[in-house]
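Input: a single structure, listed below in structure tokens.
The values are calculated or read from the model by the stated rules, or taken from the named source; none is laboratory data. Nothing here was measured: the structure is a model prediction, and the numbers come from that model. No Cβ is skipped: glycine too gets one built from the backbone with ideal geometry, and neighbour counts run over all protein chains shown.
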Amino acid sequence: MKTGLQQHAGLRQELKVNPRLYQAMDLLYMPLLDLQQHLKQELLTNPFLELVEPEEEDDDASESDETGEAQDLTEPEAAAEQEPEKTGDDDVDWEAVLLDGFETGGQREEQEQREYFEPVTVDTRDLSDHLTEQLSLLDLSPRQMFLAEEFVGNINDDGYLACPLEEIQRGVNDVLQRAAEERDVDTDVPSFTEPEMAAMLQDIQDLDPPGVGARDLRECLLLQLRATGQGGSLAWRLVDEAFEELIAHRWSELSKRFGISAQAVQAAHDEIAKLDPKPGLRFSAGSDNYIIPDLVVEKIDGQYHIFLNDGNLPRLKLSRAYQEIARDKKRFDTESKDFIANKLNSANWMIQAIEQRRQTMLKVMHYIVDRQRDFFERGVQGLRPLTLREVAEAVGMHESTVSRVTNEKFVQTPRGVLPLKFFFSSGLSTSDGDDVSARGIKDQIGKLVSGEDPRNPLTDQAIVEILQQTGVQIARRTVAKYRDQLGVLPARMRKRV
């Protein structure tokens, strides 16, 4: 075998995606609020972009009505073109303005000089703060307070102790040992013992909310029953002695074991069901998520009309002032010319991409409304099967493009604010040859279960037979799958005696 470097000539084809295509995909994917922030950032970084002010839009509209055509320039811009000697171009370093920032010439638009105040979330108290505040009211020594804070730090958002006592004990003892070594203290600080750990756990579990500091669901329920004065009650005994049978709804077995009626077991179970399985969540510092619909569907005179909810979206246009400056090629060197050309092209592309995004979203939503008209008229039962591929073929786009358009987007309809993904679901065949949406089938199953006789709940096979009477062809395992997705228990566990 001959070793060494060799050169070969050859031809090959490669597919390279324009970076701007990636940016266009990102624009399609962005929800309304994200797009709003993105455009504000573009306004700060590209001097060739500027806002179209509302009064400017009104002036253009009024001029169009009077003259029959829109004027290209507003009055200030027209005045600037008629009197170029008043602009002071000779005294301004326009290369610095275009390349280094917008403050050199002092000619940036008024809206860019406005201060923007970032919304600040008001500080809220979480579960850790709530527990620490209660600890400060207890008569604890510094040693006990150190251990208590370690316990609080290991309680998760649900209110449960997230690690075994042995790990907490090992962790605090390691801290004591390292502190003694760093300070070179001869006196040995006693390590935390198991009785100290158990006593502190008891103190933590006595705090509010009831059930906090539990290590599992069973202990959490017992702590809440004890806090409400039900220690030793039937509900307490069921949780303490027969928890597995209780969650399996084995009423007959429990009634024989405790020598009581099945009705008494169910009554105790109903009391237990009122307890909070995750007591810490009420103090969760979850952020407020506001939904702003990207689209609006309204019924006007019997027809459904679609609007883009982009009134608060910055309207962009090319800055005529900076375009005029950029046309004077003699002021800039070669490197600066390339930079300015890129910025100008980027601004042009951004305006076109935003408009393309608008048209794409409207086109997709129009098809969805046409396809799902029965839903808007009758509700969930009127939903028809719909896939991304079907929409893509109908509007002449790629399936991935439709996916980006519908992802994380919301529409305000007469039926409420819904995600666009709501309108997409698989379908089942009916006896008359039509298709019905899986989401509609789930809704039917939920209504059947909610209206059933508790003493004789509907089995999956019974639901299959009822649906078949309405023409829906469905298998029992499919009913079981949909029932699980709805969070509905099997018939045996729904039965009341």
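When Asp443, Asp374 are checked against the criterion of being more than 25 Å from the chain's Cα centre (by Cα) and not small (Gly, Ala, Ser), Asp374 stands alone in meeting it. Out of Leu246, Leu275, which single residue is within 22 Å of Arg455 (Cβ to Cβ) and of a type in the set (A, V, I, L, M)? Just a single option satisfies the conditions, and that option is Leu246. Within the bounds of segment 406-416, is there any residue that is within 30 Å of Leu308 (Cβ to Cβ) and free of Cβ contacts under 8 Å to residues at least 12 places away in the same chain? Yes, segment 406-416 contains a residue that is within 30 Å of Leu308 (Cβ to Cβ) and free of Cβ contacts under 8 Å to residues at least 12 places away in the same chain.
Does segment 299-324 hold any residues that are part of a loop (DSSP other than H, G, I, E, B) and without any contact (Cβ under 8 Å) to a residue 24 or more places away in the chain, and which are they? Hits for segment 299-324 are Asp301, Gly302, Gly311. When the residues of segment 152-167 are narrowed to those that are in a loop (DSSP other than H, G, I, E, B) and among the acidic types (Asp, Glu), which ends up surrounded by the fewest Cβ atoms within 10 Å (Cβ to Cβ)? If we take residues in segment 152-167 being in a loop (DSSP other than H, G, I, E, B) and among the acidic types (Asp, Glu), then Asp157 is surrounded by the fewest Cβ atoms within 10 Å (Cβ to Cβ).
Examine segment 168-181 for a residue that is buried (at least 18 other Cβ atoms within 10 Å of the Cβ), in contact with a helix residue (DSSP H, G or I) (Cβ under 7 Å, 6 or more places away or on another chain) and either within 20 Å of Phe283 (Cα to Cα) or among the basic types (Lys, Arg) (or both), and state whether such a residue exists. No, because not a single residue in segment 168-181 is buried (at least 18 other Cβ atoms within 10 Å of the Cβ), in contact with a helix residue (DSSP H, G or I) (Cβ under 7 Å, 6 or more places away or on another chain) and either within 20 Å of Phe283 (Cα to Cα) or among the basic types (Lys, Arg) (or both).
Looking at segment 201-221, which of its residues are closer than 15 Å to Leu127 by Cβ and surrounded by fewer than 17 Cβ atoms within 10 Å (Cβ to Cβ)? Correct list: Asp208 only. None of Phe422, Phe410, Phe375 is at pLDDT 90 or above, of a type in the set (A, V, I, L, M, F, W, C) and in contact with an Asp or Glu (Cβ under 8 Å, 6 or more places away or on another chain) except Phe410. Hey, does segment 375-387 have a residue that's more than 19 Å from Ser425 (Cβ to Cβ), of a type in the set (S, T, N, Q) and surrounded by 14 or more Cβ atoms within 10 Å (Cβ to Cβ)? Looking for residues that are more than 19 Å from Ser425 (Cβ to Cβ), of a type in the set (S, T, N, Q) and surrounded by 14 or more Cβ atoms within 10 Å (Cβ to Cβ), one finds none in segment 375-387, hence no. On the basis of being at pLDDT 90 or above, of a type in the set (A, V, I, L, M), more than 18 Å from Gly427 (Cα to Cα) and assigned to a helix (DSSP H, G or I), does Ala462 make the cut? Yes, satisfied. Within segment 410-424, the set of residues being in contact with a strand residue (DSSP E or B) (Cβ under 7 Å, 6 or more places away or on another chain) and either within 18 Å of Leu32 (Cα to Cα) or small (Gly, Ala, Ser) (or both) comprises Phe410, Val411, Gln412, Thr413, Val417, Leu418, Pro419, Leu420.
Looking across Glu253, Glu245, Glu271, one residue alone is outside any loop (DSSP other than H, G, I, E, B), of a type in the set (Asp, Glu) and under 30 Å from Gln134 (Cα atoms). It is Glu271. Of the numbered criteria (1) surrounded by fewer than 15 Cβ atoms within 10 Å (Cβ to Cβ); (2) over 30 Å from Ala353 (Cβ atoms); (3) in contact with a helix residue (DSSP H, G or I) (Cβ under 9 Å, 6 or more places away or on another chain); (4) aliphatic (A, V, I, L, M), the one Leu246 fails is (1). Looking at the structure I just gave you, is Val417 in a strand (DSSP E or B) and surrounded by fewer than 16 Cβ atoms within 10 Å (Cβ to Cβ)? When the stated conditions are applied, Val417 passes them. Can you tell me which residues in segment 460-493 are over 30 Å from the mean Cα position of the chain (by Cα), surrounded by fewer than 16 Cβ atoms within 10 Å (Cβ to Cβ) and within 23 Å of Glu245 (Cα to Cα)? If the condition is that a residue be over 30 Å from the mean Cα position of the chain (by Cα), surrounded by fewer than 16 Cβ atoms within 10 Å (Cβ to Cβ) and within 23 Å of Glu245 (Cα to Cα), then Pro490, Arg492, Met493 are the ones that fit.
If the condition is being out of contact with any Phe, Trp or Tyr (no Cβ under 7 Å at 6 or more places or on another chain), of a type outside the set (A, V, I, L, M, F, W, C) and modelled with pLDDT under 80, then segment 285-322 contributes Gly286, Ser287, Asp288, Asn289, Tyr290, Gly311, Asn312, Pro314. Filtering segment 182-200 down to residues that are part of a helix (DSSP H, G or I) and either within 37 Å of the chain's Cα centre (by Cα) or hydrophobic (A, V, I, L, M, F, W, C) (or both), which residue is surrounded by the fewest Cβ atoms within 10 Å (Cβ to Cβ)? This residue is Ala198.
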